[in-house]
1. Answer yes if at least one residue in segment 105-115 is within 30 Å of ARG432 (Cα to Cα), open to solvent by 70 Å² or more (accessible area, probe 1.4 Å) and out of contact with any Ser or Thr (no Cβ under 7 Å at 6 or more places or on another chain), and no otherwise.
2. Residues of segment 85-100 being within 14 Å of ALA157 (Cα to Cα) and open to solvent by less than 40 Å² (accessible area, probe 1.4 Å), which ones?
3. Scan segment 126-152 for residues that are more than 26 Å from GLN105 (Cβ to Cβ), touching a residue at least 40 places away in the same chain (Cβ under 8 Å) and open to solvent by 30 Å² or more (accessible area, probe 1.4 Å) and report the count.
4. Assess whether THR423 counts as being without any contact (Cβ under 8 Å) to a residue 12 or more places away in the chain, open to solvent by 10 Å² or more (accessible area, probe 1.4 Å), of a type outside the set (Lys, Arg) and part of a loop (DSSP other than H, G, I, E, B).
5. Those residues that are modelled with pLDDT under 90 and among the basic types (Lys, Arg), I need them from segment 406-431; list them, please.
6. Identify all residues within segment 605-620 that are more than 19 Å from HIS581 (Cβ to Cβ) and surrounded by 14 or more Cβ atoms within 10 Å (Cβ to Cβ); write none if there are none.
7. Given the conditions (1) surrounded by 17 or more Cβ atoms within 10 Å (Cβ to Cβ); (2) touching a Phe, Trp or Tyr at 6+ places or on another chain (Cβ under 9 Å); (3) farther than 20 Å from VAL570 by Cβ; (4) not aliphatic (A, V, I, L, M), which single one is not true for LYS416?
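The values are calculated or read from the model by the stated rules, or taken from the named source; none is laboratory data. Keep in mind the model is a prediction, meaning the values are calculated, not measured. Note that we place each Cβ from the backbone using ideal geometry, even for glycine, and neighbour counts take in every protein chain shown. The protein model used for the area step is the full one, side chains on, heavy atoms only, and it has no ligands, DNA or RNA in it. Shrake-Rupley method; radii C 1.70, N 1.55, O 1.52, S 1.80 Å.
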Amino acid sequence: MGFIMDGLESETYDRSYTDRYLVGRIWSYFRPFSKRLLGVGLVLTAAALSEFAALAVIGRALDWAAVETATGTMLLLAAAVAGFGILEWLFNFARHYLSGRVVGQSIWQLRSDAFHKAMEHDLSFYDENSSGKVVSRITTDTEDFSGIIALITDFLAQLILVGFFFVYLSFISWKLSLLLLAMAPLAIGLALAFRKLARFVTMNAKRVTATVNGRIQESIAGIAIAKGFRREKTLWKDFKDDNRLSYRFHLRRGIVLQLIFPIVAIASGVGNGFIAYSGGQMARAGAISLGEWFLFMQAVGYFWWPMLNIASFWNQLQDGLAAAERIFSLIDRTPKVRQSTDVRQSTDVRQSTDVRQSVASDKEEYSSRASSNFQKKAGVKASAGAELVFSKVDFAYSDKETVLKDFSLRIAPGEKLAIVGRTGAGKSSIVRLLCRFYEFQSGSITIDGRDIRQLDLNELRADIGLVSQTPFLFPGSIADNIRYARPEATDAEVEQAARSLGRGDWVDDLPDGLKTATGHRGSSISMGQRQLVSLSRVLLKNPDTFILDEATSSVDPFTEAQIQEGLETVMRGRTAIVIAHRLSTVRFTDRIIVLEKGSILEEGSHLELLERKGHYARLYDTYFRHQSIEYIEEMAEAGK
């Protein structure tokens, strides 16, 4: 049994549910359509009755044919059989139409719930779990879930037909009917014996399918890197290994699910033999007619067919339940980032709004000059920005490594802070905690005096404008990507935000202006233009706090000048945090902190830190000095 019982590791958020719980929860998705399901039940009954009536007419026709051979009678019987057949088809069509609508709407709701929860999960969830596997649950597993209703309706249709047969045949011969009924426990017992094994192999098949989907998605996403390093063969080898594993587990599933059919078929053959012999003896003795014997033999086929289908139904039901279990595990996973029960709206939170409103209220003075008026329209804040305070914060991505330990930092309203340090120092972690992408273990982070754990997440993030290190653009136009920050913004507002950066020259350089298509993840425009799109997006959003995880990639001097000018525009009137990689950005900030292993080693202005000749001075010589005019002039002088 080792070949069958070998399993795959489950995801960390997987859960086990009882069949009773799963069935009840599945029913909750179909309960809103109970009236339509009642209609499905009625047409099911009508279809089964029509099929039974056609077979009953054929049975009577055999008896009448022995005593009466009139052509008119035979035509009438043939017409009756055809009529019942047409009715059966019509009722079955109605059944598939109604059940199809119920299934479609239920799956739409389930998939919506799964996608909604996937969007709610914090970033630590996606650090631990492949996005391809999550996609597999939302797509493939919901499709498997959808087959449950089709299975149930087909199974019920056959059971109803067997019920009509059994009641009718009981009046003809109760002995043969009891013999027919005695076969049921054997068939059901054989089918249910495979329950646990069927669930196990089905769950593993779904896990390996998710693994293959994840491998394909990640390989395609990184195809440019793979081609650049000529690693296509490695991707192919990894895919072959996963695909081979998928073959093994799906083969196991197929073997297990198909084992039951030969066993039940053998039992069915034995049952057919008993009924054929017993019914034939009774027909010879005159206890039943030839037509009634025919009906009994037909009943055996229809009786054993649902019994056989119990095996198929149960195995496929396990398939649907396994899919439901994986979907509900995704939905029920509790995010690590959670709001406190005492949730405050950000409008209640800003204790310093009086200062900002007093500044913003003086619109006449602020708009006295054309340039200031232009900036105000473009989204430049007239307020002082928010006060940000980290107090004795401890944070770790896992139990193995602490990123921040007893970390404290205060950023004054409107202050422009640069964070520098080597890779792994904790720079990006500070930003992620402020945006509540991750949950910190202890301490507090406050915005304008209020703990961020007590703020509504949507309102909190609405007041923070984040530009990540690698700007992400969605498929569509550049205007669409800028409007992503504020969907209700007009075309004029979008263009105003874009042209507020770099005097708008970068917009004129685009082939179709703001209508230019971005391509896949912004591939149709340069990295510098992607950064300008991200800055325009923040400017349109108009937040109190601006965060920039500056890109490490180099851009040409002209584009860098545009980006720098854009940064000055975006930072004006806002609290700003910059994870800096460019000397021009570092010089522009009010204060610099040097981070090392989650602790602040030094802080001060650019010139102050250089004069100290400490950690920042060494970082400057390593990362920034080659960007300075002085260094370029020295190199030029040395080359003479």
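1. So far as segment 105-115 goes, yes, one or more of its residues are within 30 Å of ARG432 (Cα to Cα), open to solvent by 70 Å² or more (accessible area, probe 1.4 Å) and out of contact with any Ser or Thr (no Cβ under 7 Å at 6 or more places or on another chain).
2. ASN92, ALA94, ARG95, SER99
3. Summing the residues that are more than 26 Å from GLN105 (Cβ to Cβ), touching a residue at least 40 places away in the same chain (Cβ under 8 Å) and open to solvent by 30 Å² or more (accessible area, probe 1.4 Å) in segment 126-152 gives 4.
4. Yes, satisfied.
5. Within segment 406-431, ARG422, LYS427 meet the criteria.
6. GLY614
7. Every condition holds for LYS416 apart from (3).
Let's see how each residue does on (1) modelled with pLDDT of 85 or more; (2) outside any helix (DSSP H, G or I); (3) open to solvent by less than 40 Å² (accessible area, probe 1.4 Å); (4) out of contact with any Lys or Arg (no Cβ under 6 Å at 6 or more places or on another chain):
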position	(1), (2), (3), (4)
ARG25	yes, no, no, yes
PHE30	yes, no, yes, yes
ALA46	yes, no, yes, yes
PHE52	no, no, yes, yes
LEU55	no, no, yes, yes
TRP64	no, no, no, yes
GLY72	no, no, no, yes
ALA79	yes, no, no, yes
GLY83	yes, no, yes, yes
